[in-house]
1. Pairs under 7 Å by beta carbon, first residue without any contact (Cβ under 8 Å) to a residue 24 or more places away in the chain in segment 78-101, partner not in a loop (DSSP other than H, G, I, E, B), six or more apart or different chains?
2. Just to be sure I understand, how many residues within segment 143-167 are among the hydroxyl-bearing types (Ser, Thr, Tyr) and either loosely packed, with under 15 Cβ neighbours inside 10 Å or not assigned by TED's automatic domain parsing to the domain that holds Thr177 (or both)?
3. Take the residues in segment 133-155 that are among the charged types (D, E, K, R) and modelled with pLDDT under 95, then tell me which one is farthest from Ser105 (Cα to Cα).
4. I'd like to check something: does segment 185-192 contain any residue that is surrounded by fewer than 16 Cβ atoms within 10 Å (Cβ to Cβ) and under 30 Å from Ala83 (Cβ atoms)?
5. Could you give me the residue pairs with C-beta distances under 7 Å whose first residue belongs to segment 194-209 and is under 15 Å from Val113 (Cβ atoms), whose second residue is assigned to a helix (DSSP H, G or I) and among the basic types (Lys, Arg) wherever it lies, and which are 6+ apart or on separate chains?
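The values are calculated or read from the model by the stated rules, or taken from the named source; none is laboratory data. Please read these numbers as outputs of a predicted model, since none were measured by experiment. For neighbour counting, all protein chains shown are included, and Cβ atoms are generated from backbone atoms with ideal geometry for every residue, glycine included.
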Amino acid sequence: MGLYLPDVIYDQNIPVFIRQETSSALLDMLNNRIKKESLNRYSHVYPFGMLTNCFDLDRHSARRAQLVNYIYDFKNKYKSSPAACPSENELLDGWNKLQVALQWSNLYCADSVDLKLRSLGFGTTPPLRLTSEQIELMAEVEHNRWNMEKLLLGYRKPTPEEEEKCKDNAVRKEYKTKRFVHTDIRPYYQLEEGTKEYDRCISECLPLIAEQ
């Protein structure tokens, strides 16, 4: 609820207190008070009333989300996709290091796995592997899902002028954290190859995630 108030509320920095029993993870991710940075759009939105154990995740959903996180970590470290699921301890070790907001982001990705496989014609039994064509198609689907996730959180694509400025890494980081401008909000075909590789990695691992 606190994400969709009239713009004037955010522009005037009017304090708003939102009572909710579920997780405040999305607001936490957007509210950079956590990182002690300068104020942004949601800095004056304050959730309260969350239950200590507010996550209604079954073991099946949680394990899939943990595996998504592991896949991204594996890709960052080894520049390739994992061939198997690691031990429970290894999954939990990486998972427990994440901010709650990023845990939820991985959960949203994991929740799309069954739908993606059904869209390829697979039923309840996941395939052993996907073809290169299927991986590329699902990579585009994953990026479209990610685009929507970011847009719903209040991010936007850069203007042509901002795009030019964001070629500087420091400027790009500042625009993302302070202005909610993300340079990867664009059609899949316009992404740099290095960025596409992360979508391909997750897509290649769809059968592995579906086994969990």
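1. From segment 78-101, the pairs are Pro86/Tyr70.
2. Residues meeting the conditions: 1.
3. This residue is Lys150.
4. Yes, segment 185-192 has at least one match.
5. Qualifying pairs under 7 Å: Cys201/Lys75; Leu206/Lys116; Ile209/Arg64.
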